[in-house]
Amino acid sequence: MYPLNSIYLPFLLFYNMQPTIKLSRDQHIWAYNADMKPVVSVQPGTVIEIETWDCFTGQVQKESDTLLTLDMTRINSATGPIEVIGAEPGDSLSVSIIDINPGPQGAGMVIPQWGQLIDKAMSPQTRIFTVKDGMITMESNGVTFPTRPMFGVIGVAPASGEIGTFFADRHGGNMDDHLNGIGATVHLPVFQPGGQLAIGDMHASMGDGEISGTGVEIGGTGLIKVDLIKGNAAGWPVTELKDSWITHGTASNIQDALKHACDEAAKLLVDEWGFTIEDAFIFLSVAGDLGIAQNCHPMPDGFAVAKMRVPKISRAPKPFNI
């Protein structure tokens with residue numbers, strides 16, 4: 001496994017957040033299933049060191065490795081599942097992302113038919129990125145920029161059936177929100193006993209929209225802490241940051257996804273924090289930020305992920321009134 005970022009070690013030791021469980025990338029899933037069984041069971045409050053593959057499961061190592069050379073059945077593995085003991089439908093499984101340490105090399109792609117610039121790009125093509133000391137270098141042109149590591153896939157077992165790790169829905173999954181990085185806590189609605197958490201699709205960096213279909217796809221190691229909020233959950237995953245709440249919505253088109261994200265934000269304001277729907281509507285318009293996490297897949301088989309940022313204020317200091 002890649003070593004954890006030494007910058008965070010004093011913090012982790014002070015708060016007694018040394019990992020008690022280490023989970024290898026070899027223990028992974030390709031789909032979230034209502035009936036899937038855990039590879040490990042942990043108590044709420046457990047700190048876990050989790051290793052993940054890149055989204056290509058190690059298949060892309062050089063620029064000649066393009067989409068045409070890949071085994072597409074080996075895309076977006078998610079490490080897990082992790083059972084959190086005591087998690088029941090109606091709870092929130094809260095995943096605090098303490099640290100993410102990407103490996104030394106990642107890749108990005110131009111993918112046929114995907115993204116907003118595909119009509120102007122030669123495709124398919126691959127670019128290799130190296131990662132060192134918190135900086136990313138695009139090997140084709142020498143451009144460097146800081147890392148912004150995050151997990152693209154984070155989710156739990158769905159209410160019914162099976163949802164591939166390529167997709168996102170109310171259970172989470174391939175949300176591809178770059179805000180799901182170090183310092184974030186992702187509150188996932190629980191649909192099955194134990195939650196059955198699985199995480200993957202690490203990026204050293206990814207922009208809003210992920211317009212070519214990839215971030216800097218990379219493997220590595222993360223440190224997470226799992227907790228429960230009993231008896232209350234949102235309808236979709238909610239990401240908690242130091243200064244805001246991020247609601248999410250997914251759909252086959254971006255307009256419906258944006259609507260779901262707004263609906264969820266308004267629901268929190270009304271149901272949990274006592275706003276009227278009219279006050280919530282206006283407050284989100286004047287103080288919230290509506291955005292796109294991911295919108296690169298062609299229709300009708302693709303999907304989009306939207307998000308709404310709700311600022312933390314004294315009226316709304318925590319995710320759920322319990």
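Quick note: the coordinates plus some simple rules give every number you see, no bench work behind them. Worth saying up front: this structure is predicted, and the values here are computed from it rather than measured. No Cβ is skipped: glycine too gets one built from the backbone with ideal geometry, and neighbour counts run over all protein chains shown.
Using the Stokes-Einstein relation with a Kirkwood hydrodynamic radius computed over Cα pairs, the translational diffusion coefficient of the range 62-214 at 20 °C and a viscosity of 1.002 mPa s comes to 128 µm²/s. Seen from Ser285, the other residues with C-beta closer than 15 Å to its C-beta sum to a net charge of -2, counting Lys and Arg as +1 and Asp and Glu as -1. Starting from one equal scatterer on each C-alpha and no solvent at all, send me the Debye-based log10 I(q)/I(0) for the range 278-322 at q = 0.14, 0.30, 0.33, 0.34 Å⁻¹, two decimals. Each listed q maps to, in turn, -0.51, -1.08, -1.16, -1.17.
Pairs from the table (Lys37/Lys62; Lys37/Lys242; Lys132/Lys318; Lys225/Lys312) lying more than 31 angstrom apart at Cα are Lys37/Lys62; Lys37/Lys242; Lys132/Lys318.
Per-residue Cβ neighbour counts within 10 Å put Arg74, Arg309 in the sequence Arg74, Arg309, beginning with the fewest. The residues neighbouring Ala157, those whose beta-carbon lies less than 15 Å from its own, together hold a net charge of -4 under the Lys/Arg +1, Asp/Glu -1 convention. Calculated [222 nm] ellipticity per residue, helices only, for the chain: -3000 deg cm²/dmol; basis is -39500 (n - 2.57) per DSSP H run with n ≥ 4, divided by all residues, nearest 500.
Once the cut-off is 27 Å, how many percent of the Cα-Cα pairs in the chain end up in the long-distance tail? Value for the chain (Cα pairs over 27 Å): 40 percent. Once the Cβ-Cβ distance of Ser140 and Asn253 is raised to the sixth power relative to R0 = 35 Å, the FRET efficiency obtained is 0.60. Short to long, the 5 Å bins of the Cα pair-distance histogram for the range 79-159 hold 3, 10, 16, 14, 15, 13, 11, 10, 6, 2, 0 percent of all pairs. Over all pairs of different C-alpha atoms in the range 157-290, the reciprocal of the mean inverse distance, the Kirkwood hydrodynamic radius, equals 16.1 Å.
Taking other Cβ atoms within 10 Å as a rough exposure proxy, Ser314, Ser285, Ser244 sort from fewest to most as Ser314, Ser285, Ser244. In the range 239-311, inverting the average of 1/r over every pair of distinct C-alpha atoms gives 12.4 Å as the Kirkwood radius.
By the count of other C-beta atoms within 10 Å, a proxy for reagent exposure, Ser205, Ser92 are ordered fewest to most as Ser205, Ser92. Legend: Rg and Dmax of the range 175-223, from Cα coordinates, 12.6, 37 Å. Our compactness index for the range 116-165, the C-alpha radius of gyration over the empirical 2.2 N^0.38 Å, is 1.74. In terms of Cα to Cα distance under 14 Å, which aspartates and glutamates are near enough to Lys307, apart from those fewer than 8 places away along the same chain? Within reach: Asp169, Asp176, Asp177, Asp208, Glu210, Glu240, Asp256, Asp263, Glu264, Asp289.
Residue ranges 146-156, 103-113 sort as 146-156, 103-113 when ordered by packing (mean number of other C-beta atoms within 10 Å per residue, highest first).
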